[in-house]
1. Tabulate in residue order the Karplus-calculated ³J(HN,Hα) for region 36-52, using 6.51 cos²θ - 1.76 cosθ + 1.60 with θ = phi - 60°, rounded to whole Hz; enter x for Gly and Pro.
2. For I352 and Q59 in the same chain, what is the full-extension length gain: residue separation times 0.36 nm, less their Cα-Cα distance, in nm?
3. In the chain, carbon and sulfur make up what percent of the accessible area (probe 1.4 Å)?
4. How much length is gained on full extension from T284 to R246, taking 0.36 nm per residue of separation minus their Cα-Cα distance?
5. What 222 nm value per residue comes from the helices of the chain, counting each DSSP H run with n ≥ 4 as -39,500 (n - 2.57) and dividing by all residues, nearest 500 deg cm²/dmol?
6. Along each principal axis of its Cα atoms, how long is the chain end to end? Whole angstroms, biggest number first, please.
7. Report the gain in length on full extension from L114 to T359: 0.36 nm times residue separation, minus Cα-Cα distance, nm rounded to one decimal.
8. Place a point 7 Å from the Cα of A323 along the Cα-to-Cβ direction; which residues of region 277-292 have their backbone N under 15 Å from it?
Amino acid sequence: MTDVWGDQRATRRQLILDGSIAVLFGLGMLAIHVSLGAGAAIATVLLAFGLGFRRVSWQVMSGFAFVGSVSQVLGSDIAYLANGAYAVFFFTLGSHRDPRVRRFGMAAATVAVLGAALYGATRGGIEMSNFGRGATAIGLGSTAALFVFGGWVAGYLRWQSRQTVQARIDAQLEAVERRRVTELYDIEQERRRIAADMHDVVAHSWAVVAAQSDGARYALRENPAGAERALEVIGETARTAIGDLRTIVAQLRDPGLQPSTPGYAQQAELEERMRSSGMTLELTETGTRDESPLIALTAHRLLGESLTNALKHGDLSSPVRVAVDWSEGYRLSVTNHLSRPDTGVRSGHGLIGMAERTTVAGGTFSAGPEGDQWVVRAHIADGDA
């Protein structure tokens, strides 16, 4: 909880103000009550000290207040005007942030009222009638109650009012902090999405370019037509990658732009580029495709990254098998033989990005070696996206 009022510790200005009020109170009340007797005069000085210490220590303030009341009782001299300071003392106790101090103030007020009433009932001599003693007890007790309970209740109401304002401000601050955390989360998710897009574009494109350039170099003399086709694929892949990168850069400069959403329309181009790179691709697809843009983008990126990993790390002498099943949501399975039993994409940005994309869409993802094969599996159930 924030300290809206900033009064946990008294400021220098407040201390100077309290000290000045205490001095003026003491001088003024002393001039009025000194003629009543030593008890009233001493009580006035003690009450003035209590006013000066009320922000410094409630214990010291309470001590001066108690000794001041005792001096009046022992001296039988009541400093009636100076006793108005007790309203300030109990206001301080009633408005204190510590509930133990507030309870102490309530208990002290009760004792003060009973003490004042008892003093009124016993101060008169034997010549005073019982009615007179009762009237005096009621008069002093009610006057004391007005000051001590009135001060305590006023302080308590002030504390409650501050608590209400404090709670309202804390709720507003919490809402602001929640919005800030949400914005940071959205920024982080956008950063991850752009990083995944950048990886997919660069990794896929360069894998195709590397495979095609090797093929063109080998076929340049014996199969010029094949070499020419490989160079065409390299050019098409490079142009597509440049376009995707321009889109990503534009999104970085202007976050308001809608992200690019390649999907089913680009799948045929992806398959053609992989086959042109020497991959034997066996693809089966069953069911009706989900037209959700999120599912379409996720399916395209998962398939592209899986085939890129197969192109870079797999044994291209064996076919790469892709199975897509739309009967229960989206289910993808990509299987390729490893070039060596210990070869595989153990970890990396590609697998991390695939797992994150699947999780965002509400699905599950796994990838790893199974014997001499590398198997990628992803599943997004109906309605998860």
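1. 3J(HN,Hα) across region 36-52, in whole Hz: 7, x, 5, x, 5, 5, 4, 4, 4, 5, 5, 5, 4, 4, x, 5, x.
2. 99.2 nm
3. Here it works out to 61 percent.
4. 10.4 nm is the gain from fully extending T284 to R246.
5. About -23000 deg cm²/dmol.
6. Cα extents, longest axis first: 138, 40, 37 Å.
7. Values: separation 245, 0.36 × 245 = 88.20 nm, distance 7.14 nm.
Length difference between fully extended and current span is 81.1 nm.
8. 282-287
The values are calculated or read from the model by the stated rules, or taken from the named source; none is laboratory data. Not measured: the values here are computed from a predicted model. FYI the Cβ positions are ideal-geometry reconstructions off the backbone, even for glycines, and counts take in every protein chain you see. All accessible areas refer to the heavy atoms of the entire protein, side chains included, with ligands and DNA or RNA removed. Shrake-Rupley method; radii C 1.70, N 1.55, O 1.52, S 1.80 Å.
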